[in-house]
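J.: First the structure, then my questions, so here it is.
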Amino acid sequence: MNKSKLSVRQMCVLALFLAIEIIMYLTPIGYLRINALSVTLMHVPVIILASTMGPAAGAFLGFVFGCTSVIGATPGITSFVFSPFITVGGISGNFFSLVIALVPRILLGVIAGYVFKFAKKYAKNTPVAAGIAAAVATVCHTIMVLGLIVILFGPQYSQALGISQAALNGVMAGVIGTNMIPEVIV
């Protein structure tokens, strides 16, 4: 059988995870919105799929996760960072909004898949390797999303929040520190 084609089992698993991701997006389970922040559990199926089917499948589901960020960026004071179609208070999203919404989510699946393969090779224990992959991928995802927001939209984001750029850096560092621990535990 040609290795480049998906088996029926692989297609079913991929479809199942796609359905899970869409259901999570359509319910409050996927995105927990708290004021200007959105805590997400959408990364969990991406990491699980990447660990079980590899980086390419993880990247695909990560792309779906990113698309839900673009589509689901409900007009809020900072939604412009995830969607080029939203303007809030005179601040508009642009091409970089797509970069923030898609690239870290795609890389989440890639990183989780490769870290799992690497960890399994040395840990020789699937649950330990999956835990390592989940922790590393979650940390990288959080840092990439918030880092890109500061790099690509720092002045606009701080303006939308009504704080200085220096204060924004402190807020983002705090969010990274406080969000990362619960997300890694999940």
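J.: Which whole-number percentage describes the relative contact order of the range 1-158, with Cα contacts under 8 Å and a sequence gap of 6 or more?
T.: On the way: 242 pairs, mean separation 31.1, N = 158.
In percent, rounded to a whole number, it is 20.
J.: Where the Cα atoms of the range 91-186 are projected onto their three principal axes, how long is each span, largest first, in whole Å?
T.: Computed over the range 91-186, the largest-to-smallest principal extents equal 49, 27, 17 Å.
J.: At 1.4 Å probe size, with no ligands or nucleic acids counted, give the accessible surface of Tyr157 in Å², nearest ten.
T.: For Tyr157, the solvent-accessible surface is approximately 10 Å².
J.: Still on this structure: How big is Rg to Rh over the chain, alpha-carbon atoms, Rh as the Kirkwood inverse-mean-distance radius?
T.: 1.00
J.: May I ask for the distance between the Cα centers of the range 105-121 and the range 149-186, given as a whole number of Å?
T.: 25
J.: Related question: Once fully extended, how much extra length lies between Arg9 and Val184, figured as 0.36 nm per residue of separation less the alpha-carbon to alpha-carbon distance?
T.: Answer, rounded to one decimal: 60.1 nm.
J.: Of Met42, Met144, which has the most accessible area and how do the rest follow, probe 1.4 Å?
T.: Working: Met42 0, Met144 45 Å².
Per-residue accessible area, sorted high to low, gives Met144, Met42.
J.: If you put +1 on each Lys and Arg Cβ and -1 on each Asp and Glu Cβ, how big is the dipole of the chain around its Cα centre, in Debye rounded to 20?
T.: 700
J.: In nm, what is the difference between 0.36 nm times the number of residues separating Phe85 and Val175 and their Cα-Cα distance? Each step should come with its number before you reach the end.
T.: Numbers: separation 90, 0.36 × 90 = 32.40 nm, distance 2.56 nm.
Net length gain for the segment: 29.8 nm.
J.: Continuing with the same structure: So how compact is the range 57-137: Cα radius of gyration and Dmax in angstrom?
T.: Cα only, the range 57-137: 16.2, 53 Å (Rg, Dmax).
J.: If you line up the long axis of helix 43-53 against the longest principal axis of the chain, both from Cα atoms, how many degrees apart are they, to the nearest 10?
T.: Once rounded, one gets 20 degrees.
J.: In nm, to one decimal, how far is the Asn94 label point from the Ile71 one, both placed 7 Å along Cα→Cβ?
T.: For Asn94 paired with Ile71, the spin-label model returns 2.7 nm.
J.: Name the most mobile residue of Pro28, Pro55, Pro104, meaning the one with the largest mean-square fluctuation, in a Gaussian network model of the chain with Cα contacts below 10 Å.
T.: Pro28
The values are calculated or read from the model by the stated rules, or taken from the named source; none is laboratory data. Remember, it's a predicted structure, so these values are computed and weren't measured experimentally. For neighbour counting, all protein chains shown are included, and Cβ atoms are generated from backbone atoms with ideal geometry for every residue, glycine included. These area figures cover heavy atoms from the full protein model, side chains too; ligands, DNA and RNA do not enter into them. Shrake-Rupley method; radii C 1.70, N 1.55, O 1.52, S 1.80 Å.
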